[in-house]
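The values are calculated or read from the model by the stated rules, or taken from the named source; none is laboratory data. It should be emphasised that the depicted structure is a prediction, and the values quoted were computed from it without experimental measurement. Quick reminder, even Gly has a Cβ in these numbers, built from the backbone with ideal geometry, and neighbours come from all protein chains shown.
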Amino acid sequence: MREDNPLLGDREIPDFDAISPEHVLPAVRSVIAETRAWVQARVARGAPYTWADTVAPLEALDDRLARIWGPVGHLHGVLDSAALREAYNATLPELTDLHTELGQDRDLYQAYRSVLEADDGADPAARALLTQAVRDFELSGVALGGEARERYREIARELAALGARFEENLLDSQQAWQLQCSDRDRLRGVPGQALSRAAAEARSRGLSGWVFTLDHPAFDAIISHCPDRELRRAMYEAWVTRASDQGPVAGLHDNTGVIARILALRHEEAALLGFGDYAALSLVPKMASDADAVERFLIDLASKARPYAQQELTAVRQHARAAGCTDELEAWDLGYWSERLRETSTGISEGALRPYFPLDAVLDGLFAVTTSLYGVRVQAAAPPARPWHPSVRYHQLVDTDGAVIGGFYLDPYTRPGKRGGAWMDDCLTRHRSGAGLRVPIAHLVCNFTPPADGAASLLSHDEVLTLFHEFGHGLHHMLTEVDLPGVGGINGVAWDVVELPSQFMENFAWTREGLDRVSRHVSSGEPLPSAMHADLLRTRHFQSGLAMLRQVEFALLDLRLHRDYDPGQGARLAGTLAEVRQLTGLLQRPPFERFAHAFSHIFGGGYAAGYYSYKWAEVLSSDVFGAFEEAGVLDAETGRRFRETVLAVGGTVPPADMFRAFRGRDPQPDALLRHSGLLGEPQAAAP
Ligand code: ZN
């Protein structure tokens, strides 16, 4: 069995195309059993405990489990199938049980505490790891006894299953609907790349005309570009009712009950651990002090953004009217007319920009920026393990001294069975042991439109930003100099700081210096002309008030759903959203909209009572970029300092100290407001 199971092989990373669903459960079970046996034996020997005889071997077992479960979770995200999903779901409870069991093991807890007490502080990484481990024992209910202990375990198990269920419903509901149209005239204005893909979708389904699926590129093509109001409404309704009790596939993959249960269980879990609400529990390991501080932060941003947003909405309405639209603007019209206004007022259209951003050129430019900032070169290389799909690429990072210090898989294109959105995940975390140095490897996953018939894949500027964003996470993971996986890269980094390196990188895709490297016209090879760059810069502030309000809306909804949960009243999704929208909503939303049902970040991912992290970290990332603006955008010395003080340190330095080490002072929100165009008096939009 063992020889046949690639997950149990000797290699650090198994060949992804060799992993089958039937490998999953036996491999995970085998390492779970090994871990349990080791812990039992170690605890039976009793104190004294040391780093070398307790912490190091347990961390190694944890790492081994991560190297088995990591590829499984990754494939579940990028190449899902019924059989893999079944194997994943069958394994998840056993893994959750192990984590709960270890987290509640009082002997282990005492062992870590005694090692921490004896620690002399000589190795800051070890100290950070021990400190965080002790805290995590406490947040896992190590102090609970009897029934409460058992209850905690049940909750953890059910929550893990519910998170997976939430994502399944979302994926299934997306795949249960399509928009078919045979009338070319109704699709005029839809970008060519989206049309070719829709035609290919139709052919592959044996249908005539064009088929738009419910993924983000297709959604955006219709919502922003299709002049036909009925098609836009159909697409909008399907999108905002995904996995809910409303819309074209109402009730088929409904997350209503899943959400209600998740919120109830999280509240109960927090109460068991002695917290008043789940938000209080969620904030313990974060940089923000408490939920009220987060709420004040968000409301302050909303109040700054609101007057701008009001102006922006008026401008869209006026523009639509001037263009002959006699209808009152509905939610499914806003994207379309905003895009028309954006083209008019900024002089630029997404269609005109895409040819300047072929994926390969953008990657070359991104790598050139990386070299300028940090000295490292990025080059194509043979992957350490065979990938899961032919479109996946592999690159490695080479430091100034010629040493390979990291690598990444890039999975760029959208396809059936692949989760939407974009993300970075660790494939292998840096580790130094007696056997030498193991370099970190990242997964970068995007959902760009695949190239049609040998043509290049052309990115929108938004997608260029996405690539820079995920690569920023990737650099955080790959440029770490911490040798312990538990606190290396993004591990152990406060959740509301994790988005600092990613959002920081986005800034370069706005600058002349960055765009000179990133843009290369697909036919002429020319970089983006200066006039178009000036137009593009105007788009940066275009509707930034509305965008800020939208992000604050998501964050406040998340925070209040968790902070204000009352078991007597249940989930209160609609009520809470209505209250939040008194602060953030300017446009009436249709009654069928079910936004929370697709809010993966907080119900399927790790952002519960933490969605505010994006804005929190953006204050930090904008302020960091301010230092580059002061020194010269690609200033190598500032880049070196950023690499050393932020990217290299992983979770070993408290976030406030880390920020001060780079910036020489505490963070200030001015740079974010300036970059967003939200300083000074709001101006009426250009005609
Ligand atoms: Zn991110």
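Within the range 312-343, being surrounded by fewer than 16 Cβ atoms within 10 Å (Cβ to Cβ) and polar (S, T, N, Q) holds for T314, Q318, T326. Being buried (at least 16 other Cβ atoms within 10 Å of the Cβ) and either free of Cβ contacts under 8 Å to residues at least 40 places away in the same chain or within 26 Å of L214 (Cα to Cα) (or both) holds for only one residue in D462, D425, D453, D401, and it is D425.
Filtered by the rule that a residue be touching a Ser or Thr at 6+ places or on another chain (Cβ under 8 Å), among the β-branched types (V, I, T) and under 23 Å from V392 (Cα atoms), the range 1-46 gives a lone residue, V24. The single condition among (1) within 16 Å of the ligand (Cβ to nearest atom); (2) at pLDDT below 95; (3) part of a helix (DSSP H, G or I) that Y607 does not satisfy is (3).
Rundown of residues vs (1) more than 28 Å from Q551 (Cα to Cα); (2) out of contact with any helix residue (DSSP H, G or I) (no Cβ under 6 Å at 6 or more places or on another chain); (3) in contact (Cβ under 8 Å) with a residue 12 or more places away in the chain, yes/no style:
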{"residue": "I299", "(1), (2), (3)": "no, yes, yes"}
{"residue": "T346", "(1), (2), (3)": "no, no, yes"}
{"residue": "E350", "(1), (2), (3)": "no, yes, yes"}
{"residue": "R354", "(1), (2), (3)": "no, yes, yes"}
{"residue": "W388", "(1), (2), (3)": "yes, no, yes"}
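D558 meets each of the listed conditions (1) crowded, with 18+ Cβ neighbours inside 10 Å; (2) away from the ligand (no atom under 16 Å from the Cβ); (3) within 25 Å of Y278 (Cα to Cα) apart from (2). Of D245, D277, all but one fail to be touching a Ser or Thr at 6+ places or on another chain (Cβ under 8 Å), closer than 30 Å to E154 by Cα and not polar (S, T, N, Q); the exception is D245. Only one of the listed residues (F599, F662, F625) is within 16 Å of the ligand (Cβ to nearest atom), of a type outside the set (V, I, T) and either free of Cβ contacts under 8 Å to residues at least 60 places away in the same chain or touching a Ser or Thr at 6+ places or on another chain (Cβ under 7 Å) (or both). That residue is F599. In the range 414-526, counting only helices (runs of 4 or more DSSP H) that sit wholly within it, the ones holding 2 or more residues that are within 16 Å of the ligand (Cβ to nearest atom) span 461-478, 500-506. Can we say D535 is surrounded by fewer than 22 Cβ atoms within 10 Å (Cβ to Cβ), over 27 Å from the mean Cα position of the chain (by Cα) and either among the basic types (K, R) or closer than 30 Å to A293 by Cβ (or both)? Answer is no for this residue.
Table: residues versus (1) surrounded by fewer than 17 Cβ atoms within 10 Å (Cβ to Cβ); (2) outside the structural domain of R419 (by TED's automatic domain parsing); (3) at pLDDT 95 or above.
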{"site": "P6", "(1), (2), (3)": "no, yes, yes"}
{"site": "E12", "(1), (2), (3)": "yes, yes, no"}
{"site": "E22", "(1), (2), (3)": "yes, yes, yes"}
{"site": "A44", "(1), (2), (3)": "yes, yes, yes"}
{"site": "A47", "(1), (2), (3)": "yes, yes, no"}
{"site": "A52", "(1), (2), (3)": "yes, yes, yes"}
{"site": "W69", "(1), (2), (3)": "no, yes, yes"}
{"site": "D80", "(1), (2), (3)": "no, yes, no"}
{"site": "L98", "(1), (2), (3)": "no, yes, yes"}
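Scan the range 186-209 and tell me whether some residue there is touching a residue at least 40 places away in the same chain (Cβ under 8 Å), in a loop (DSSP other than H, G, I, E, B) and not assigned by TED's automatic domain parsing to the domain that holds A87. Within the range 186-209 (the criterion being touching a residue at least 40 places away in the same chain (Cβ under 8 Å), in a loop (DSSP other than H, G, I, E, B) and not assigned by TED's automatic domain parsing to the domain that holds A87), the answer is yes, since at least one residue qualifies. Taking the listed residues F542, F599, the one that is more than 30 Å from L428 (Cβ to Cβ), at pLDDT below 95 and of a type outside the set (K, R) is F542, with no other qualifying. All conditions but one from (1) closer than 28 Å to G604 by Cα; (2) at pLDDT 95 or above; (3) surrounded by 14 or more Cβ atoms within 10 Å (Cβ to Cβ) apply to R113; the one that does not is (1). A442 passes every criterion in (1) among the small types (G, A, S); (2) at positive phi; (3) surrounded by 24 or more Cβ atoms within 10 Å (Cβ to Cβ) apart from (2).
The residues in the range 465-480 that are touching a helix residue (DSSP H, G or I) at 6+ places or on another chain (Cβ under 6 Å) and without any contact (Cβ under 8 Å) to a residue 60 or more places away in the chain can be counted, and the count is 4. Residues in the range 153-185 that are basic (K, R) and in contact (Cβ under 8 Å) with a residue 60 or more places away in the chain: R157, R165. Do we have V134 as in a loop (DSSP other than H, G, I, E, B) and either among the aliphatic types (A, V, I, L, M) or out of contact with any helix residue (DSSP H, G or I) (no Cβ under 8 Å at 6 or more places or on another chain) (or both) here? It is false that V134 is in a loop (DSSP other than H, G, I, E, B) and either among the aliphatic types (A, V, I, L, M) or out of contact with any helix residue (DSSP H, G or I) (no Cβ under 8 Å at 6 or more places or on another chain) (or both). Among the candidates A202, A198, A160, the residue that is at pLDDT below 95 and aliphatic (A, V, I, L, M) is uniquely A160. Any residue at all in the range 392-404 that is of a type outside the set (F, W, Y), within 28 Å of A221 (Cα to Cα), in a loop (DSSP other than H, G, I, E, B) and at pLDDT 95 or above? Among the residues of the range 392-404, at least one is of a type outside the set (F, W, Y), within 28 Å of A221 (Cα to Cα), in a loop (DSSP other than H, G, I, E, B) and at pLDDT 95 or above, which makes the answer yes.
Only one of the numbered conditions (1) within 21 Å of L459 (Cβ to Cβ); (2) within 16 Å of the ligand (Cβ to nearest atom) is not met by V378, and that is (2).
Of all the residues in the range 222-252, those that are part of a loop (DSSP other than H, G, I, E, B) and surrounded by fewer than 22 Cβ atoms within 10 Å (Cβ to Cβ) number 9. Surrounded by 16 or more Cβ atoms within 10 Å (Cβ to Cβ) and at pLDDT 95 or above: is that true of L171 in this structure? Against the criterion (surrounded by 16 or more Cβ atoms within 10 Å (Cβ to Cβ) and at pLDDT 95 or above), L171 does not qualify.
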